[in-house]
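One structure is given below, encoded as structure tokens.
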Amino acid sequence: MTASGAPFDIELRFGSDDLNSPANQWRAVQWEPSETAFIVCDMWDSHHSVTAVRRVNEFAPRLNSVLKEVRDQGATIIHSPSDCMAFYAKHPAREKALAVPIADGAPSDIAAWCHRIPSEEAALYPIDQSDGGEDETPRENEQWNERLVAEGRNAGTPWLKQNALLEISESDFIAAEGEIVWNILRDRGIKHVVLSGVHTNMCVLGRPFGLRRMVAAGMDTVLLRDCTDVMYNPARWPYVSHFTGIDLVVSHVESYVCPTVSSDQFTGGNTFRFKQDTRPRITIVTTEDSDLVDFTRQCLGADFSVSFRDPDDVTHLKDTDLLLLAAPSELSQAITEYLNSGRPLISLNLARQTGNSSGFQLTVRADAGRSASTSQGNRYDFEKNDFRLALLNTVRLAVDLDPVDVLPEHPDSRRWSEDWSPVSLTKLPPSESLWLRTLLPEGQPAPARFSWKGADNRVEVFMNGQKLVESASGKWAIDPTHWHSDQLNLLVVHARSKLPATSPQLGATELSSRWQVISSTDSHTTFPIPPQFGAPTDLIQPVVQEK
């Protein structure tokens, strides 16, 4: 908690862009409050997802405490409830925002959504949000829609103003337009921007005032990681808990977009945690080890919160329920404090030489009221299911969870069999009804045609849900009215026969990558929600240049 008038002394958390070594890193910084802005993204008074409303209402008081604290220190607060500016037309904070002088040299795209920045180009987007991410039951959804209609709201976009749990001071600003937010930042000499609100995988990342746009504009940008939520349905890939879905998106942000910070660094106390997030928290100390990362994805994502540490930097164990040492590590102060607290420790022998029968050991301190136990004779071999199952049950027993009899199905295998999956066009699965989709960037004129040399008349093509007319064999004309110059464009190919080995083309541009596939007899010509919100970064094609 920062003393009155003093700089913010905070610690930023970064991720790793190495999928085999996802250890977090930290960096201490000092920010002058007068040079820092806090942007509150889309903390609406309602939402089409009732579970999203519940989570917003749960963390809003913590966010309000942060805003109170930093406001008192002299930070700039910008409330940005998109689509709600009419409600605030006469509010002093809105009038104040509109009165800010227009900034010189604003980025040309500051008013537009940002779906991806260069650092995300090679990243695997961590969750499937293309269904909209609603995670309530169908009955809950039906009842909630009935209530929204009874209140006179549009059930699809029911928000009218910002959540009442957040106080708006006359010293604050209200603005949801990228150019007006930019004017405020420049006028007040802001160097550091902290984004909070919902939802990180959609609006917080993509809005004109969001993380990506601020990073692209050169601002020192940070996500307030425990004052946010995501739209993610655990029934979709990678089939983990909603709260693990939050962790995965936050990790993506930390690795490819910007660092994060936690609310307790401004308010004191502990980090915020949702009441329903009862997952045991595991810290894994390891070097680059793709086996452990893959094991975590398959076996721990549904029931545990997992973070990784480098052996040379074992810190931040205050909230850890189980420490798993999978690499030699010095007895740091953090480990010493952890051991003295009586919390469980698993030590994993990493010997991999052929014929070596070393295994893993579960060590539990006596003062924790448990007995130590050892499992020997299981060679460290993640390719063997019996080893994975033994390690999973060792972890579960260490945190007082019942053991399981079988391993969970690997999320990538499950995705391939029942959901949209990334695919190489040279390795399409055999099917009598195959659907392929990709997203085309906005900001350019409509291409004249789509073509796939060698495709027969059993192939259909759809642009933004509209069926294209086949003008010649393997060629489809694109009606300009079917193209959105200001939004992402969804291209879907439906094949009822084997597709050719050639690459499809949009105009003169080859579309050889960034496709997803599903084998289905159902129709899949559109996204359940606009692609602007549901799009994963790794489904968006590079800029298409028509020749």
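Worth pointing out:
- Fewest-first ordering of ASP400, ASP289 by other beta carbons within 10 Å of each residue's beta carbon gives ASP400, ASP289.
- The length gained on full extension between ARG188 and ASN145, counted as 0.36 nm times the residue separation minus their Cα-Cα distance, comes to 11.3 nm.
- The range 429-547, Cα convex hull volume normalised per residue, Å³: 99
- Spacing of the two label points (7 Å from each Cα toward its C-beta) at ALA472 and SER169, in nm: 6.8
- Listed residues PRO118, SER108, GLN73: farthest to the positive end of the dipole of the range 37-120 (Cβ charges): GLN73
- Dipole-positive endmost among GLN333, MET463, LEU401 within the chain (Cβ charges, Cα centre): MET463
- Relative contact order, whole percent, for the range 420-539 stands at 40, derived from Cα pairs under 8 Å and 6 or more residues apart.
- Put in line by how crowded their Cβ is, counting other Cβ atoms within 10 Å and starting with the fewest, GLU140, GLU69, GLU510 read GLU510, GLU140, GLU69.
- When shorter helices are ignored and each DSSP H run of at least 4 residues is given -39500 (n - 2.57), the per-residue value for the chain at 222 nm works out to -6500 deg cm²/dmol.
- Beta bridges by DSSP in the chain, antiparallel share as percent, to the nearest 5: 60
- One chain, two ends: ASN340 and LEU407. Fully extended at 0.36 nm per residue, the span grows by 20.8 nm beyond their Cα-Cα distance.
- Above-threshold pairs, the threshold being 20 Å between Cα atoms, out of LYS161/LYS275; LYS427/LYS498; LYS275/LYS318; LYS453/LYS498: LYS161/LYS275
- From the C-alpha gyration tensor of the range 58-208, square roots of 5λ in Å: 28, 22, 16
- Rounded to the nearest 20 debye, the dipole size of the chain about its Cα centre is 580 debye, using +1 on the Cβ of Lys and Arg and -1 on the Cβ of Asp and Glu.
- Cα centroid separation - the range 184-238 against the range 386-442, whole Å: 29
- Annotation: aspartates and glutamates with alpha-carbon distance below 14 angstrom to LYS191 (same-chain offsets under eight excluded): GLU32, GLU35, ASP220.
- In plain terms, the residue of ARG343, ARG458 with the fewest other Cβ atoms within 10 Å comes first and the most crowded comes last, giving ARG458, ARG343.
- Proximity of backbone amide H atoms, modeled 1.01 Å from N, is registered between PHE308 and ASN24, ILE284 at under 5 Å, excluding neighbours fewer than 5 places apart on the same chain.
- Each residue of the range 490-499 was assigned a 3J(HN,Hα) from its phi angle through the Karplus expression (A = 6.51, B = -1.76, C = 1.60, θ = phi - 60°), giving 8, 10, 10, 10, 10, 10, 10, 8, 5, 7 Hz with x at Gly and Pro.
- One Cα centroid belongs to the range 156-171, the other to the range 468-547; the line between them spans 38 Å.
Any read-out appearing in this document is the output of simple, stated calculations on the displayed coordinates, not a laboratory observation. Just so it is clear, the structure is predicted and the values come from calculations on it, not from any experiment. FYI the Cβ positions are ideal-geometry reconstructions off the backbone, even for glycines, and counts take in every protein chain you see.
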